[in-house]
Amino acid sequence: MKIAILGTRGIPAAYSGFETAAEQLAARFVERGHEVVVYCRPHVVDRDLHEHVGARLVHLPTIRNKYLDTFVHTYLSAEHAVRRLKPDVALFFIAGNSPLTRITRGAGVPTVINVDGLDSDRSKWPAAAKSYLRFAERNAPRWADVALTDSDAVADIFDERYGQRIEVIPYGVEDPGYTTTDTLDRLGLTPGEYVLFVGRLEPENNPHMLVDAFSRIPYSVTKGKKLVIVGGAPYADEFIQSVHRGADPRVIFPGYVFGRGYWELQKHSYLTAVPTEVGGTHPVILEAMAAGAAVLVNDHAPNVETIGTAGHTFSGAEGAPALARELEALLLDPARVAVLRDASRERAKAYSWDNVTSQYEALLQRVVAGRSFGALDESLVVSGAPAPELTRLAP
């Protein structure tokens, strides 16, 4: 198959889970003999890079604006795909792009969209943007051949909200096995002596809640341990400044950290805290578990689904006091943290990228088969096999 991937910032991954998914899937699709084209934004991916992990990169312009960046770039990508690329199937990411699936599907290109974790719930969007995203989410299953998400909990919410259950393929994870400590050395950190947060510094991810919770814990409990807040966010300078202002001297902000440095931080943390309250299967949770980190998460339903019995939760409804209480309990109980580490490694095995890629491949093949000229009359069939069924990961 010739597979077009649209709606992300492009690869190599350097921002969020969408790009990581695009990169991991692209590499494995290529290994399995498919031709892959990934559309990239010029302010994220070097325009001189024309191939990555075996996939061809197409660079198209966009408008650098919080509300237009993704939509404009995906529109131009969809037009390029139907007029010039002519793929066998188009794979879109992000619910807000669902109206643009009509371009590819209308041109006869089988089309799939991953709506992720229902972006309309994110507090960063004003009322008009939320209304648009609800409109886009509601119609995604109608405008694309197939709409899917990465969490059964999100699929349940989608069904309750819009009266239709969409398909589910989980996010994947793979531990690259880095054991070095170069990034820790650079930041003045000691293995096992810090709590880690990684994510966009936006309100729904609650970095401010974690900073507040950590400040409530006595120095006699943290005993030299630090809180490391990794990440940033475009168009969120005011909120980021407020997070910095709320921090005490035990908190450090290294900004974005990617690649080897990111995995070094995960692997050597005392625990990874994920206080986010929206979205589906959060890549940070899976990556922390794959790295063997203990995880403490907001009891948001998709987070609980992701960790199973391998992590620890706090009450998101109660907020910072609950987070401080559970965090302090874990800081005082290294034996419990050690048990959570082992459980994390075991839980992560269920989310291998190879397994996830097989599910995407089966889905794309099924959609392509469904958009063909149709089945032959039974009297004309000599031999054949049914279209591949979508297999599911064990919970």
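The values are calculated or read from the model by the stated rules, or taken from the named source; none is laboratory data. Being a predicted model, the structure only gives us computed values, none of them experimental. Every residue, glycine as well, gets a Cβ built from its backbone with ideal geometry; the counts of neighbours run over all protein chains shown. In case anyone asks, the SASA skips ligands and DNA or RNA and just uses the protein heavy atoms, side chains included. Shrake-Rupley method; radii C 1.70, N 1.55, O 1.52, S 1.80 Å.
Annotations for the structure displayed:
- Considering Arg28, Arg9, the condition of being touching a helix residue (DSSP H, G or I) at 6+ places or on another chain (Cβ under 6 Å), in contact (Cβ under 8 Å) with a residue 24 or more places away in the chain and assigned to a loop (DSSP other than H, G, I, E, B) is satisfied by Arg9 alone.
- Some residue of segment 302-309 being among the aliphatic types (A, V, I, L, M) and open to solvent by less than 20 Å² (accessible area, probe 1.4 Å): yes
- In the set (1) at pLDDT below 90; (2) touching a helix residue (DSSP H, G or I) at 6+ places or on another chain (Cβ under 9 Å); (3) in a helix (DSSP H, G or I); (4) polar (S, T, N, Q), Thr306 fails one condition alone, (1).
- So Pro99, is it at pLDDT 95 or above, touching a helix residue (DSSP H, G or I) at 6+ places or on another chain (Cβ under 8 Å) and either farther than 22 Å from Glu23 by Cα or among the basic types (Lys, Arg) (or both): yes
- If the condition is being under 21 Å from Thr104 (Cα atoms), of a type outside the set (Ser, Thr, Tyr) and either open to solvent by 10 Å² or more (accessible area, probe 1.4 Å) or in contact (Cβ under 8 Å) with a residue 40 or more places away in the chain (or both), then segment 31-45 contributes His34, Glu35, Val37.
Quick grid of which residues meet (1) touching a His at 6+ places or on another chain (Cβ under 7 Å); (2) crowded, with 24+ Cβ neighbours inside 10 Å; (3) of a type in the set (S, T, N, Q):
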site: Val58; (1), (2), (3): yes, no, no
site: Ile63; (1), (2), (3): no, no, no
site: Phe71; (1), (2), (3): no, no, no
site: His80; (1), (2), (3): no, no, no
site: Arg84; (1), (2), (3): no, no, no
site: Ile113; (1), (2), (3): no, yes, no
site: Ala140; (1), (2), (3): no, yes, no
site: Ile157; (1), (2), (3): no, no, no
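- Glu137 within 26 Å of Pro203 (Cα to Cα) and without any contact (Cβ under 8 Å) to a residue 12 or more places away in the chain: no
- Close pairs from segment 319-333: first at positive phi and in contact (Cβ under 8 Å) with a residue 60 or more places away in the chain, partner open to solvent by less than 50 Å² (accessible area, probe 1.4 Å) and in a helix (DSSP H, G or I), Cβ under 7 Å, at least 6 apart: Gly319/Met209
- The residue pairs whose first member lies in segment 166-194 and is open to solvent by 40 Å² or more (accessible area, probe 1.4 Å), whose second member is aromatic (Phe, Trp, Tyr), and whose beta carbons are closer than 6 Å, counting only pairs six or more residues apart or on different chains, are Glu174/Trp353; Pro176/Trp263; Tyr178/Trp263.
- The one condition in (1) at pLDDT 95 or above; (2) part of a loop (DSSP other than H, G, I, E, B); (3) farther than 26 Å from Tyr351 by Cα that Thr180 fails to fulfil: (3)
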